[in-house]
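Step one of this worksheet: look at the structure below.
The values are calculated or read from the model by the stated rules, or taken from the named source; none is laboratory data. Treat the numbers as computed from the prediction; the structure is a model and nothing was measured. FYI the Cβ positions are ideal-geometry reconstructions off the backbone, even for glycines, and counts take in every protein chain you see. Ligands, DNA and RNA are excluded from the accessible area calculation, which covers all protein heavy atoms including side chains. Shrake-Rupley method; radii C 1.70, N 1.55, O 1.52, S 1.80 Å.
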Amino acid sequence: MKISLNKNTTQPFNFVPYLFLLPALLLLLITVFIPAIQAFSLSFTQYNYDITQSPEWVGLENFKRLLQDSVFWLTLTNTILYLIGVVPLLVILPLLLAILVNNKLKGISWFRLAFYVPVVISMVVAGIAWKALYSSNGLFNQILQQLGFSEGIPWLTSPQLALWSVMLVTIWKGLGYYMVIYLAGLQAIPGELYEAAAIDGSDGWRKHWDITIPLMRPYLLLVAVISSIAATKVFEEVYIMTQGGPLNRSKTIVYYVYERAFEDLDINYACTIGLILFLIILILSFINLKISKNPTL
């Protein structure tokens, strides 16, 4: 007896998975997609001194204004400097810490915990604490005075030092987070590779150059992209410690968006700046997606 199968038989559409996704999709629609579309449309409009009235369509006037805004270009420069100053250290230093705490030593778990503690500390608390350390009579300047310096360093009030002082807080806060990512990658490397390398004469720190770094390349690229996106969106440190000063030298793009939108109530212009920020983050996110799909790039 032959059993014939009808290849044209279609299965009924299953709505159950989409019903489970529906609450999350509605939440994303309300909190992400609709506000993003509204912000995009507001970039081409302008309120006439009253945000309770309907905005007026002005086309590309906000973008022309953006090109002539010296503060915007300064904040863009500060954001790029933030990327240059923070990302390389957050790629290298956590890897060194991960290699250190990956050793099987007595009490090494306490060292892992100590390095990870800054991650769980609120940025508000960390910013207030570091601001106190940076103050004219703070711990850092007291140490310098004990070493023979008659005057302290204006960490947060100097136009040349303010941005770099804020960067240090971001680096301190992110070391433990990226260390855990690297630690997961290090523990996946077979120990036999290091034993074989030791037989070939590759020992000490050289074994990490020959084995660890090549095998950790996907993690290095991932941390580089994630830390770049985080550095581009930095806000809390600037708001708590310097509020963009002095002379806008520590002001980043995100803080400038906040300032124009909520302090000056220039909603349309803030949306225009936010659109540029969105394009920057979109590019970095696209790089992250490509790396996630093909980590050997």
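Just a few scattered comments:
- For trypsin sites (Lys or Arg not before Pro), the sites in segment 46-131 that DSSP calls loop and that have at most 15 other Cβ atoms within 10 Å are K104, K106.
- Span-rule helices in the chain, defined as complete DSSP H runs reaching 20 Å or more along the axis (Cα) with Kyte mean at least 1.0: 70-101, 162-186, 217-232, 267-293
- Of the residues L113, L74, L161, the one that moves most in a GNM of the chain with alpha-carbon contacts below 10 Å is L113.
- The chain: calculated mean residue ellipticity at 222 nm from DSSP helix runs of at least 4, using -39500 (n - 2.57): -20000 deg cm²/dmol
- Probing with 1.4 Å while keeping every protein chain in the model, the per residue accessible area of segment 155-297 equals 50 Å².
- The residues of segment 52-101 present an accessible area of 55 Å² per residue when probed at 1.4 Å with all protein chains retained.
- Filtered chymotrypsin sites (Phe, Trp or Tyr not before Pro), segment 167-276: DSSP coil and at most 11 other beta carbons within 10 Å: W205
- Ligands, DNA and RNA excluded, the heavy atoms of E263 present near 100 Å² of accessible surface to a 1.4 Å solvent probe.
- Per-residue SASA entry for T232, accessible area with 1.4 Å probe, Å² rounded to 10: 0 Å²
- Only protein atoms count toward the accessible area here, which uses a 1.4 Å probe; on segment 48-119, the carbon and sulfur part of that area reaches 68 percent.
- Cα gyration tensor shape of the chain, rounded if a/c is under 1.5, else prolate or oblate by comparing a/b with b/c: oblate
- Charge dipole (Cα centre; +1 on Lys/Arg Cβ, -1 on Asp/Glu Cβ; no other charges) of the chain amounts to roughly 920 debye.
- Cleavage-rule hits, chymotrypsin sites (Phe, Trp or Tyr not before Pro), segment 28-92, DSSP coil, Cβ neighbours within 10 Å at most 13: Y49
- Each of Q46, V32, W110 was placed along the dipole of segment 15-143 (beta-carbon charges, centred on the mean Cα), and the one lying farthest toward the positive end is W110.
- When the chain is treated as a Gaussian network with alpha carbon springs shorter than 10 Å, the biggest mean-square fluctuation among D266, D200, D69 belongs to D200.
- Cut-off under 5 Å, modelled amide H: who pairs with T45 long-range: V58
- Heavy-atom accessible surface of segment 175-297: percent carbon and sulfur, 1.4 Å: 64 percent
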